[in-house]
Amino acid sequence: MQLSPMNDIDYDFWSKRCKENYIQDKMRANGYSRTEAELIATDDFHTMLIDGVNTHNNFLLKIIKDEQVVGYLWFCIRHHKAFLCDFIIEAPYRRSGIGQEAMRAFEGVVKRLGLKKMGLHVFGFNTGAIDLYKSLGFVVTDMTMEKMVK
């Protein structure tokens, strides 16, 4: 298992997919229209990745297993911890242990950077990811809840 920095071509491929997934997640989790979710995603990406692969304190990585790209991982350093912004394992490789292996490799990177904490956000409907993170020792520290008013 390797975590290898994305180049500009990797970034272009990943960022389009990541942004689209984020739009879909915002629509599903928060009830936003497509237009609203696109505005939020565009603003968030512009704010967080202002210089693309060269954005300070952001690490955009390919997950490589047996010489194949099996996923992508993006984290940033904020508030003295590594914050996982995006983590995707490609569909054919899910539920095979690669997600756990990639997260352990991520933890090794965090240790080498001298950081003591890792954090992340996960949408409430993503029970597979929640189970993965819990199995790796992540605990809920905050919770945001919403209710649709009818």
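Remarks
- Helical runs (DSSP H, four residues minimum) scored at -39500 (n - 2.57) apiece and divided by the length of the chain put the mean residue ellipticity at 222 nm at -13500 deg cm²/dmol.
- This ranking places MET143, MET1, MET27, MET6 by how few other beta-carbon atoms lie within 10 Å of each, fewest first, which gives MET143, MET1, MET27, MET6.
- Net charge in the neighbourhood of ILE40 (other residues with Cβ under 12 Å of its Cβ; Lys, Arg +1, Asp, Glu -1) is -2.
- Over the chain, relative contact order from alpha-carbon pairs under 8 Å, at least 6 apart, %: 21
- Set of lysines with alpha-carbon distance to LYS147 below 16 Å, sequence-local pairs under 8 removed: LYS26
- Highest to lowest packing among 90-99, 71-80, scored as the average C-beta count within 10 Å: 71-80, 90-99
- Dimensionless Rg over Rh [region 70-114; C-alpha; Kirkwood]: 1.01
- Each peptide in 42-52, 12-22 was scored by the mean count of other Cβ atoms within 10 Å over its residues; highest first, the order is 12-22, 42-52.
- Overall form of region 33-150 per C-alpha gyration tensor (a/c, 1.5; a/b vs b/c): rounded
- Region 91-150 shape via C-alpha gyration tensor axes, a/c threshold 1.5: oblate
- Length-normalised contact order for region 49-121 - Cα pairs under 8 Å, 6+ apart - percent: 25
- Anchor LYS111: lysines whose Cα lies under 26 Å away (excluding residues fewer than 8 positions away in-chain): LYS62, LYS65, LYS81, LYS134
- Charge dipole magnitude, Cβ of K and R +1, D and E -1 - region 14-53, Cα centre, debye nearest 20: 200
- Of all DSSP beta bridges in region 74-150, antiparallel share, percent nearest 5: 60
- The chain - charge dipole about Cα centre, Lys and Arg +1 at Cβ, Asp and Glu -1, debye rounded to 20: 560
- Translational diffusion of region 8-101, µm² s⁻¹ [Kirkwood Rh, Cα pairs; Stokes-Einstein; 25 °C; 0.890 mPa s]: 171
- Phi angles across region 101-114 convert, under the Karplus curve 6.51 cos²θ - 1.76 cosθ + 1.60 with θ = phi - 60°, into 3J(HN,Hα) values of 4, 5, 5, 5, 5, 4, 4, x, 4, 4, 4, 5, 7, x Hz, Gly and Pro given as x.
Values in this text are rule-based calculations from the coordinates and carry no lab data. A quick note: this is a predicted structure, and the numbers were derived from the prediction, not measured. Counting neighbours? That spans all protein chains shown, and the Cβs are built from the backbone with ideal geometry, glycine included.
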